[in-house]
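**Q** Below you'll find the structure I mean.
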Amino acid sequence: MKKASGKSRERSKPIEKYDLCLYVAGNTQRSATALANLKRICAEHLDGQYRIKVVDLVKNPGLARSDQILAIPTLVRRLPSPIRKIIGDLSDTERVLVGLDFRHRA
Amino acid sequence: MKTKNRPGVSSRHKATLGALPKAATGIAGLDEITGGGLPRHRPTLVCGGPGCGKTMLATEFLVRGATQFREPGVFVSFEETATDLSQNVASMGFDLNALVARKLLVLDEVRVSRSEIHETGEYDLEGLFLRLGHAIDSVGAKRIVLDTIEALFGGFSNTAVLRAELRRLFDWLKERKVTAVITGERGDGQLTRQGLEEYVSDCVMLLDHRVANQLTIRRLRIVKYRGSTHGTDEYPFLIGETGISVLPITSLGMSHGASNEKISSGIPQLDAALGGGGFFRASTILVSGSAGTGKSTFAGHFVAAAGDRGEHALYVALEQSPDEFVRNMRLIGVPLRQLVKNGALRFHALRPTAHGLELHLTTIHQLVEKLRPRVVVVDAITSFLGMGISAEVTSMVVRLIDFLKSRQITLYMTSLNEDGQTVDRAGANISSVVDTWLSLRNVERNGARARTLSIVKGRGLAHSSVTQEFSITSKGVALKTPSSQAST
């Protein structure tokens, strides 16, 4: 895979250093706020090296159990390991950065 | 028309009127004291200290629901892992994994750990709701257990959100029409640490276990049951090999039908002195006397007579071994060996100190359920006196009597008096609940010892009021009739 990264660079695709998953429940205002906040924070601090996946638990309720989700919204940083979870609408940027451990990079 | 509410009596009738639909738990005794079970489609709070049996009770509620009432269930564990839970309840004979495989049960393990969660703004617990909803839908669950949801308080710091969500959760459970059991750990000055009782208003049960005289006694009390009458006492319960047994004081109150049938004492002259025919079926008989007055011998005649009628008898031997007893009875011409051989007479021998009072009571309950005897002998009931406060012993005896009466079983108890005691010790405590009371005495006369029998009490019996002499011969107990006594 690492060898293949050279190709990615040629196509100017960023390395997905951060694998983030946002769990929401339907199209609620709070979910929309959380996603907007997440996109903003990532754009400001992660320099394009990230991937965001949004999981709607209303559509996939079984995932709440397998991924141990209780609170909505929940953001899970799957990579880099270890897994980290932060909950809430991500309006407190400072806490998001600390919670996802983005700071040391910046 | 509302009559005086006796715990456990009127509730049964009320339940049949459909005042409040109930979901039977299937737990022995619990449905009797709740008048039919837990409030259907509503949450019930079960609280108590660590190790009090909350999880066991909650699990049995689901297992019985799935196996006896065709109501699948969901167990949501916030503290134990599913593996631990399965192992813990395996001792009660419950195979949770088999129920999961048969789609009768879902085990969901919710892990709550604050260290891995950071809070960054507004949130709710919709994920938990979706998760529960999914679990309920996957097996068509009618019952759910949340054990214990208070663990959420350890995972989320915003208690205002949490409390609002809990309130929403309990309302949601009602809407989903599931009968829920919520467990909670006992807190200081309130029933649960986080005051869950504030949210669960329909039914609250408190479990407790105490050690008294080095014996553990578990108790259950129904603190609240809205819209239903219920027993208000503390009921002892046991966690045994087949699950939980709650021992209600009585499941029938005073309403058991009285029998007119008479059964023989096994001693013809005694039957005559009792007004002919012997004792009433399903009555309670107490034979008291000091050591060596022949109490066990009278009991031996009684079980032999039961054998003659083709009835099964259970003999709870607390003072002498069954072998000795059978031999002693054979020596005075009352053969019991054949009855033992063909299973008509069963002994249950134990040292009274070996178990707690409640365990004895439960053991007797279980034996009665299993052996279905028509007569039960407890020799001697006073053996229990050394084990606890006399009020506790009395209450145990009363429960035993009520239980046996409700099954139309005749109870024959012996009671040991210390020599020279004018008032019978056990008699003074339990005489009011005894139907027939025989007192045996040793008396000195002309340098010889004589035995006498008097019938102190005989409810509904035209009994003799004469103190009669008797002797124990090679053909058993022989009473001297009043006339032959007068002639000597």
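The values are calculated or read from the model by the stated rules, or taken from the named source; none is laboratory data. All values reported here derive from a predicted model rather than from experimental measurement. Cβ atoms come from the backbone with ideal geometry, glycine included; neighbour counts cover every protein chain shown. Calculation scope for accessible area: heavy atoms of the full protein, side chains included, ligands and nucleic acids excluded. Shrake-Rupley method; radii C 1.70, N 1.55, O 1.52, S 1.80 Å.
**Q** Can you say whether A:Arg65 is facing chain B (nearest Cβ under 7 Å), free of Cβ contacts under 8 Å to residues at least 24 places away in the same chain and in contact with a helix residue (DSSP H, G or I) (Cβ under 9 Å, 6 or more places away or on another chain), as far as the supplied structure shows? Even if it seems obvious, please write down each step before you answer.
**A** On the way: facing chain B (nearest Cβ under 7 Å): yes; free of Cβ contacts under 8 Å to residues at least 24 places away in the same chain: yes; in contact with a helix residue (DSSP H, G or I) (Cβ under 9 Å, 6 or more places away or on another chain): yes.
It is true that A:Arg65 is facing chain B (nearest Cβ under 7 Å), free of Cβ contacts under 8 Å to residues at least 24 places away in the same chain and in contact with a helix residue (DSSP H, G or I) (Cβ under 9 Å, 6 or more places away or on another chain).
**Q** Scan the range B:50-64 for residues that are farther than 20 Å from B:Glu109 by Cβ and open to solvent by less than 20 Å² (accessible area, probe 1.4 Å) and jot them down.
**A** Within the range B:50-64, B:Cys52, B:Gly53 qualify.
**Q** Among the numbered criteria (1) open to solvent by 50 Å² or more (accessible area, probe 1.4 Å); (2) touching a residue at least 24 places away in the same chain (Cβ under 8 Å); (3) not polar (S, T, N, Q), which one does A:Glu94 miss?
**A** That leaves (2) as the condition not met.
**Q** Being surrounded by fewer than 16 Cβ atoms within 10 Å (Cβ to Cβ), more than 30 Å from A:Asp56 (Cβ to Cβ) and among the hydroxyl-bearing types (Ser, Thr, Tyr): is that true of B:Ser228 here?
**A** Working: surrounded by fewer than 16 Cβ atoms within 10 Å (Cβ to Cβ): no; more than 30 Å from A:Asp56 (Cβ to Cβ): yes; among the hydroxyl-bearing types (Ser, Thr, Tyr): yes.
Here the answer is no, as B:Ser228 does not meet what is asked.
**Q** Tell me which of these B:Gly127 doesn't satisfy, since it passes every other one: (1) of a type in the set (Gly, Ala, Ser); (2) at pLDDT below 90; (3) in a helix (DSSP H, G or I); (4) over 30 Å from B:Ala28 (Cα atoms).
**A** All conditions are met except number (2).
**Q** Which residues, counting only those in the range A:70-87, are within 9 Å of chain B (Cβ to nearest Cβ) and among the small types (Gly, Ala, Ser)? Spell out how you get there, then give the answer.
**A** Taking the range A:70-87 as the starting set, the residues that turn out to be within 9 Å of chain B (Cβ to nearest Cβ) are A:70-75, A:82-87.
Residue satisfying the conditions is A:Ala71 alone.
**Q** Which condition breaks for B:Gly127 when tested against (1) out of contact with any Lys or Arg (no Cβ under 8 Å at 6 or more places or on another chain); (2) surrounded by fewer than 17 Cβ atoms within 10 Å (Cβ to Cβ); (3) not aliphatic (A, V, I, L, M)?
**A** The failed condition is (2).
**Q** What tally of residues in the range B:105-119 results from selecting those that are out of contact with any Ser or Thr (no Cβ under 8 Å at 6 or more places or on another chain) and either among the β-branched types (Val, Ile, Thr) or open to solvent by less than 80 Å² (accessible area, probe 1.4 Å) (or both)?
**A** Filtering the range B:105-119 down to residues out of contact with any Ser or Thr (no Cβ under 8 Å at 6 or more places or on another chain) leaves B:105, B:111-113, B:115-118.
Still in the running and either among the β-branched types (Val, Ile, Thr) or open to solvent by less than 80 Å² (accessible area, probe 1.4 Å) (or both): B:105, B:112-113, B:117-118.
Number satisfying all stated conditions: 5.
**Q** Residues B:Phe94, B:Phe75, B:Phe61: which one is assigned to a strand (DSSP E or B) and either at negative phi or among the basic types (Lys, Arg) (or both)?
**A** Details: B:Phe94 fails: assigned to a strand (DSSP E or B); B:Phe61 fails: assigned to a strand (DSSP E or B).
Residue meeting the stated conditions: B:Phe75.
**Q** Scan the range B:105-115 and tell me whether some residue there is acidic (Asp, Glu) and either in a helix (DSSP H, G or I) or more than 10 Å from chain A (Cβ to nearest Cβ) (or both).
**A** The initial filter retains those residues of the range B:105-115 that are acidic (Asp, Glu), namely B:108-109.
Restricting the remaining residues to those that are either in a helix (DSSP H, G or I) or more than 10 Å from chain A (Cβ to nearest Cβ) (or both) gives none.
Checked the range B:105-115: no residue is acidic (Asp, Glu) and either in a helix (DSSP H, G or I) or more than 10 Å from chain A (Cβ to nearest Cβ) (or both).
**Q** Just name the residue that is modelled with the lowest pLDDT out of those in the range B:411-451 that are in a loop (DSSP other than H, G, I, E, B) and aliphatic (A, V, I, L, M). Lay out the reasoning, then the answer.
**A** The first filter runs over the range B:411-451 and keeps only residues in a loop (DSSP other than H, G, I, E, B), leaving B:418-424, B:434-435, B:446-447.
Next, only the ones that are aliphatic (A, V, I, L, M) stay: B:423, B:434.
Values: B:Val423: 49, B:Val434: 86.
Only one residue fits best here, namely B:Val423.
**Q** If I go through the range B:194-206 residue by residue, how many of them are out of contact with any helix residue (DSSP H, G or I) (no Cβ under 6 Å at 6 or more places or on another chain) and either closer than 17 Å to B:Gly37 by Cβ or in contact (Cβ under 8 Å) with a residue 12 or more places away in the chain (or both)? Break it down stepwise before answering.
**A** Within the range B:194-206, the subset out of contact with any helix residue (DSSP H, G or I) (no Cβ under 6 Å at 6 or more places or on another chain) is B:195-198, B:200-203, B:205-206.
Next, only the ones that are either closer than 17 Å to B:Gly37 by Cβ or in contact (Cβ under 8 Å) with a residue 12 or more places away in the chain (or both) stay: B:196-197, B:200-203, B:205-206.
Number of matching residues: 8.
Rundown of residues vs (1) buried (at least 22 other Cβ atoms within 10 Å of the Cβ); (2) more than 7 Å from chain A (Cβ to nearest Cβ), yes/no style:
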| position | (1), (2) |
| --- | --- |
| B:Leu85 | no, yes |
| B:Met92 | no, yes |
| B:Lys103 | no, yes |
| B:Gly121 | no, no |
| B:Leu146 | yes, yes |
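**Q** Looking at this structure, is B:Phe75 within 27 Å of B:Gln190 (Cα to Cα), under 36 Å from the mean Cα position of the chain (by Cα) and within 14 Å of another protein chain (Cβ to nearest Cβ)? Don't jump to the end; show me each part of the working.
**A** On the way: within 27 Å of B:Gln190 (Cα to Cα): yes; under 36 Å from the mean Cα position of the chain (by Cα): yes; within 14 Å of another protein chain (Cβ to nearest Cβ): yes.
The answer is yes for B:Phe75.
**Q** A further question follows. Search the range A:23-50 for residues that are facing another protein chain (nearest Cβ under 10 Å) and on the phi > 0 side of the Ramachandran plot and pair each with any residue that is assigned to a strand (DSSP E or B) and open to solvent by 10 Å² or more (accessible area, probe 1.4 Å) when their beta-carbon atoms are under 7 Å apart and the residues are at least 6 apart or on different chains.
**A** Once the first residue is facing another protein chain (nearest Cβ under 10 Å) and on the phi > 0 side of the Ramachandran plot and sits in the range A:23-50, its partners that are assigned to a strand (DSSP E or B) and open to solvent by 10 Å² or more (accessible area, probe 1.4 Å) give A:Gly26/A:Asp56.
Residue-by-condition table, conditions (1) within 18 Å of the chain's Cα centre (by Cα); (2) of a type in the set (A, V, I, L, M, F, W, C); (3) under 17 Å from B:Thr25 (Cβ atoms):
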residue	(1), (2), (3)
B:Ala180	no, yes, yes
B:Arg186	no, no, no
B:Gln190	no, no, no
B:Val200	no, yes, yes
B:Val204	no, yes, yes
B:Leu207	yes, yes, yes
B:His230	yes, no, yes
B:Phe237	yes, yes, yes
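**Q** Kindly evaluate B:Gly266 against the criterion of being at positive phi, in contact with a Phe, Trp or Tyr (Cβ under 8 Å, 6 or more places away or on another chain) and either at pLDDT 95 or above or of a type in the set (Gly, Ala, Ser) (or both).
**A** Working: at positive phi: yes; in contact with a Phe, Trp or Tyr (Cβ under 8 Å, 6 or more places away or on another chain): yes; either at pLDDT 95 or above or of a type in the set (Gly, Ala, Ser) (or both): yes.
Against the criterion (at positive phi, in contact with a Phe, Trp or Tyr (Cβ under 8 Å, 6 or more places away or on another chain) and either at pLDDT 95 or above or of a type in the set (Gly, Ala, Ser) (or both)), B:Gly266 qualifies.
**Q** Something else about it: So which residues in the range A:68-80 are in contact (Cβ under 8 Å) with a residue 24 or more places away in the chain and either more than 14 Å from the chain's Cα centre (by Cα) or under 18 Å from B:Thr120 (Cβ atoms) (or both)? Talk me through it step by step, then tell me what you get.
**A** Restricting attention to the range A:68-80, the residues satisfying the condition of being in contact (Cβ under 8 Å) with a residue 24 or more places away in the chain are A:69, A:72-80.
Listed by number, the residues that qualify are A:Ile69, A:Ile72, A:Pro73, A:Thr74, A:Leu75, A:Val76, A:Arg77, A:Arg78.
**Q** Can B:Ile455 be described as within 38 Å of the chain's Cα centre (by Cα), open to solvent by 40 Å² or more (accessible area, probe 1.4 Å) and at pLDDT 85 or above? Step through it out loud before you land on a result.
**A** On the way: within 38 Å of the chain's Cα centre (by Cα): yes; open to solvent by 40 Å² or more (accessible area, probe 1.4 Å): no; at pLDDT 85 or above: yes.
No: the conditions fail for B:Ile455.
**Q** For residues that are at the interface with chain B (Cβ under 9 Å from one of its Cβ atoms) and assigned to a loop (DSSP other than H, G, I, E, B), scanning just the range A:88-106, find the one that is nearest to A:Thr33 (Cα to Cα).
**A** As a first pass, look at the range A:88-106 and keep what is at the interface with chain B (Cβ under 9 Å from one of its Cβ atoms): A:88-96, A:98-100.
Now narrow it down to the ones that are assigned to a loop (DSSP other than H, G, I, E, B): A:88-92, A:100.
Working: A:Gly88: 10, A:Asp89: 6, A:Leu90: 8, A:Ser91: 8, A:Asp92: 12, A:Leu100: 18 Å.
The residue in question is A:Asp89.
**Q** If the requirement is being of a type in the set (Lys, Arg), at pLDDT 90 or above and touching a strand residue (DSSP E or B) at 6+ places or on another chain (Cβ under 6 Å), which of these qualifies: B:Arg163, B:Arg186, B:Arg176, B:Arg221?
**A** Working: B:Arg163 fails: touching a strand residue (DSSP E or B) at 6+ places or on another chain (Cβ under 6 Å); B:Arg186 fails: at pLDDT 90 or above; B:Arg176 fails: touching a strand residue (DSSP E or B) at 6+ places or on another chain (Cβ under 6 Å).
From the options B:Arg163, B:Arg186, B:Arg176, B:Arg221, the qualifying one is B:Arg221.
**Q** Of all residues being assigned to a helix (DSSP H, G or I) and of a type in the set (A, V, I, L, M) in the range B:130-144, which is nearest to the other protein chains (Cβ to nearest Cβ)? Just the residue, please.
**A** Our first condition is that a residue be assigned to a helix (DSSP H, G or I); within the range B:130-144, this holds for B:130-139.
Adding the requirement that they be of a type in the set (A, V, I, L, M) leaves B:130, B:132, B:135-136, B:139.
Numbers: B:Leu130: 5, B:Leu132: 9, B:Ala135: 7, B:Ile136: 10, B:Val139: 13 Å.
The residue in question is B:Leu130.
**Q** What is the residue count in the range A:40-87 for residues that are open to solvent by 10 Å² or more (accessible area, probe 1.4 Å), within 20 Å of B:Val112 (Cα to Cα) and either in a helix (DSSP H, G or I) or of a type in the set (Ser, Thr, Tyr) (or both)?
**A** Residues that pass the stated criteria total 5.
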